[in-house]
Amino acid sequence: MKTKLSMLKLLTVLCSVLATTVAFGQTTYTWTGAADGTNFSTPGNWSPTGVPRGCGVSQDTARWDGLTSSNLFIAYSDPTTCEFGGVGINLLLTANQTNSVQLYSPLLFAPNLSLFAVANDSASAAFSLGNGSANVLSIAMRPAGTVHDWVNNSTNPAVIYPNVRWLAGGGALYTLIFDGTGDWRVTNSLNNSSVGTLIAKQGTGTLTWAGPSISGALNFGAINSPLTIGGGTVVLAWATTLLNNVSIANNGTLLKYDVPAQSQTLNGVISGTGALQVNNGTLTLGGQNTYNGTNILSGGVLVVSAAENAGVSGPLGEPVTPNSITF
């Protein structure tokens, strides 16, 4: 019961933060592409003329509002970046934006992009961070120690590539929420280089999480407890020691393990009402879990490595119908 209450408190805090998220921008810069049309840091590409920055207390918004007619591949290499200072910027794709927006690094290590929030409100435009190259796009999550709500409402998935690196600065733990009605596809470790990262899933879409990051973007921090699923589906599409001892608050639709020919151990406590599915690979449950969602075996292997505490907890949770497993 203590675990369930603590998870509920965390979800309550996250929801309250979402309701009071910092309002978009002090200055809103709208992409026109009137200059070179390819570089984030070219002032002539924005209206008003300038470059969105999150220095000091000025939380600018970079907005794409359908003023260009082709998919955008935009290089970020701002030489006057704020590094770890300031409050970061917001990235916004409006309902008018129909073409995709992809930010990438043209350099082996570009200056840090200080970032607070992402919102894709387009019905069809795809948003991406990074690309398939070895060039590292460094994201400094600002301000320190805050909750960052990233929303995708598009019918196309938002994509985070392996060459995106995550930085916090000041040793401050932050929370990254994947939100919205649309899907997120993340092929990235997501771990921060200092104290770690909290990951949460909200909204009705699906977060498919694979990895790892490329060697140049790898950080060596942790994924902290809990991994919070407050809505939609989370698909674990890679096997990683980062999650071995992480607790999971699964109050969404589904937590699915889908990694062919690989093995994952989850020793942290899994709580909540959501279902657990094994579709591919081998998943070992070793925690005294308290979740009461259905266990679904649609492929792969499910292994339990701890004893059941009947009526209280155990690897297979405490379902409404004891030992409820669906094949």
Counted residues, segment 253-271 - those being open to solvent by 20 Å² or more (accessible area, probe 1.4 Å), out of contact with any helix residue (DSSP H, G or I) (no Cβ under 7 Å at 6 or more places or on another chain) and in a loop (DSSP other than H, G, I, E, B): 2
Of (1) open to solvent by 30 Å² or more (accessible area, probe 1.4 Å); (2) under 28 Å from Thr181 (Cβ atoms); (3) of a type outside the set (Gly, Ala, Ser); (4) in contact with a Leu (Cβ under 8 Å, 6 or more places away or on another chain), Asn135 satisfies all except one. Which? (2)
Any chance segment 272-282 includes a residue that's under 18 Å from the mean Cα position of the chain (by Cα), over 23 Å from Gly171 (Cβ atoms) and outside any strand (DSSP E or B)? no
Taking interchain pairs and intrachain pairs at least six residues apart, which have beta carbon atoms under 6 angstrom, with the first residue in segment 115-143 and touching a residue at least 60 places away in the same chain (Cβ under 8 Å) and under 18 Å from Gly203 (Cα atoms) and the second hydroxyl-bearing (Ser, Thr, Tyr) and part of a loop (DSSP other than H, G, I, E, B)? Asn120/Ser154
Of all the residues that make up segment 292-315, how many are modelled with pLDDT under 95, open to solvent by less than 40 Å² (accessible area, probe 1.4 Å) and either assigned to a strand (DSSP E or B) or in contact with a strand residue (DSSP E or B) (Cβ under 6 Å, 6 or more places away or on another chain) (or both)? 5
Checking Ala35, Ala62, Ala95 in turn, the sole residue that is at pLDDT 95 or above, under 19 Å from Pro143 (Cβ atoms) and either part of a loop (DSSP other than H, G, I, E, B) or not basic (Lys, Arg) (or both) turns out to be Ala62
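If I go through segment 181-225 residue by residue, how many of them are hydroxyl-bearing (Ser, Thr, Tyr), closer than 17 Å to Ile139 by Cβ and outside any loop (DSSP other than H, G, I, E, B)?
Counting residues in segment 181-225 that are hydroxyl-bearing (Ser, Thr, Tyr), closer than 17 Å to Ile139 by Cβ and outside any loop (DSSP other than H, G, I, E, B) gives 2.
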Starting from residues that are open to solvent by 20 Å² or more (accessible area, probe 1.4 Å) and not in a loop (DSSP other than H, G, I, E, B), keep the ones in segment 226-252 and report whichever is modelled with the highest pLDDT. Thr233
Which of the numbered conditions does Thr181 fail, given that it passes all the others? Conditions: (1) open to solvent by less than 20 Å² (accessible area, probe 1.4 Å); (2) within 15 Å of the chain's Cα centre (by Cα); (3) modelled with pLDDT of 95 or more. (1)
Filter pass, Asn280 being in contact with an Asp or Glu (Cβ under 8 Å, 6 or more places away or on another chain) and at pLDDT below 95: no
Which one is modelled with the lowest pLDDT, of the residues in segment 143-173 that are of a type in the set (A, V, I, L, M, F, W, C) and under 19 Å from Thr208 (Cβ atoms)? Trp166
What residue, of Ile325, Ile223, is buried (at least 18 other Cβ atoms within 10 Å of the Cβ), in contact (Cβ under 8 Å) with a residue 12 or more places away in the chain and not hydroxyl-bearing (Ser, Thr, Tyr)? Ile223
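The values are calculated or read from the model by the stated rules, or taken from the named source; none is laboratory data. The structure presented is a predicted model; accordingly, all values stated were derived computationally and were not measured. Because the Cβ atoms are built from the backbone with ideal geometry, glycine has one as well, and the counts that use them run over all protein chains shown. Surface accessibility is based on the protein's heavy atoms, side chains included, excluding ligands, DNA and RNA. Shrake-Rupley method; radii C 1.70, N 1.55, O 1.52, S 1.80 Å.
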